[in-house]
1. How big is segment 300-346 by Rg and Dmax over its Cα atoms, in Å?
2. Once every DSSP H run of n ≥ 4 in the chain is given -39500 (n - 2.57) and the sum is divided by its residues, what mean residue ellipticity at 222 nm do you get, rounded to the nearest 500 deg cm²/dmol?
3. Provide the FRET efficiency to the nearest 0.05 for the residue 188-residue 60 pair, computing r from the beta carbons and using R0 = 56 Å.
4. Short version: ³J(HN,Hα) in whole Hz for each residue of segment 108-115, in order, from phi by Karplus 6.51 cos²θ - 1.76 cosθ + 1.60 (θ = phi - 60°), x for Gly and Pro, what are they?
5. Between residue 287 and residue 97, 0.36 nm times their residue separation minus their Cα-Cα distance comes to what?
6. Report the local net charge at residue 145: Lys and Arg +1, Asp and Glu -1, summed over other residues whose C-beta lies under 11 Å from its C-beta.
7. Taking Cα atoms, how many degrees apart are the long axis of helix 221-256 and the longest axis of the chain, rounded to 10 and kept between 0 and 90?
8. Given segment 287-389, what whole percent of its Cα pairs are spread farther than 21 Å?
Amino acid sequence: MSHIIEKESKSKKTKNLKDKLDPLLIITMFALFFGVLGSKMGVANLFKSMMETAYGLLMETAFYIMAIAVLTGAVGKIAVEFGIVNLLNKIFSPLMKPLYNLPGVAFLGVITTYLSDNPAIIVLANDKTYLSYFEEEKIPCLCNLGTSFGMGLILTTFMMSQGYLKEALIGNLGAVIGSIVSVRLMYHKVCKEKGISKDDIKLKSKKQKISYTPEKTEGTFFIRLMTAILEGGKVGVEMGVAIIPGLLIICTIIMMLTFGPADPNVGYQGLAFEGVAVLPKLGEILSPIVKPLFGFSNPEAIAFPITSLGAVGAALSLVPKFLDLGLIGGNEIAVFTAMGMCWSGYLSTHVSMMDALRQRELISHAISSHTIGGIVAGISAHFITMLLL
């Protein structure tokens, strides 16, 4: 009894210490960010640049991505409503076992997340009929599989709209390779964590069912078509709105850490996209590693994969600016597409997704496996680009 009381007392002390340290940590972070940038840019220029950058991202990128999300949302809903998704599922399901060691219906998770975003896999995972196709140790792998293709259609369409069709498709291939690595690593770690041996897996192996049909709405062809278009477009608007906070907050910070003054001869003027250029210096330090692996021609390009860790929608807003400045080309677009799709903001979604799958104890394994998968995706895209283009 005394042991339990002592344990509870230690837990309370730890919590109280954490409660005291959290405000100090936040104050320190704010002081460092605003202190360093303010001392170099000037306080007035710092805040003016911050607001101008956020406004520019909202008007030039956020609404553009939202427009793409509305159109792709409508296409995605039509594909689901009229059985295109189910058809693709039946065609590609036989590949899931040899590639991912998952049942055929797992491909439905690939399609739904590609057409929408990472959390779409949770909708399927809450369907008991769908989960019945999976062995227990394979269910956690759905998190890594779904995240590998989140916002894939929006990301690919965006890159194509910048004039890089082939590179975007190569990026998709790189993301597939990265997803295989991520899911396979996750499966290995889950088996190790749960103490499942190869002999156990052989005993549990059975013929995998590959037919699963989601419910469809009632009505005539025309009504179903219009309903799918409008509902899909609505989902696109919701997704576009959901992207805006992360895009403006994260990407404003990233932009201000990526670029210097607009005119070095004049100095800081409080213009949009002015900052202190810390990330290029980091890119130069990492260049001996990053350049052979990803083929980035300029150190600023490292900002995209870093931003993709938290929000791929925010990372997309970097692309037009990089293209305007001539900092990136076809190789970078392919690598960005692969890493952006494979990572697709997994640091901000993996915790909640694993929690929804009731696999909270495996969060660290999911994140570490997916980190490796995203790096492999970028490397694969780079070398495929070198071979084909």
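FYI, it's all coordinate maths here, none of it is from the lab. As the structure is a prediction and not an experimental result, all values here were calculated from the model. Cβ sites come from the backbone with ideal geometry, for glycine too, and all protein chains shown count toward neighbours.
1. Cα-based Rg and Dmax for segment 300-346 come out at 9.5, 29 Å.
2. Details: 19 runs with 286 residues, N = 389.
So the helix-based figure for the chain works out to -24000 deg cm²/dmol.
3. Values: r = 43 Å, r/R0 = 0.78.
For R0 = 56 Å, the calculated efficiency reads 0.80.
4. 4, x, 4, 5, 5, 6, 4, 7
5. 64.6 nm
6. Details: positive: 138, 184; negative: none.
My count for the surroundings of residue 145 gives +2.
7. For helix 221-256, the angle is close to 40 degrees.
8. Numbers: 1882 of 5253 pairs.
In whole percent, the share of Cα-Cα pairs in segment 287-389 beyond 21 Å is 36.
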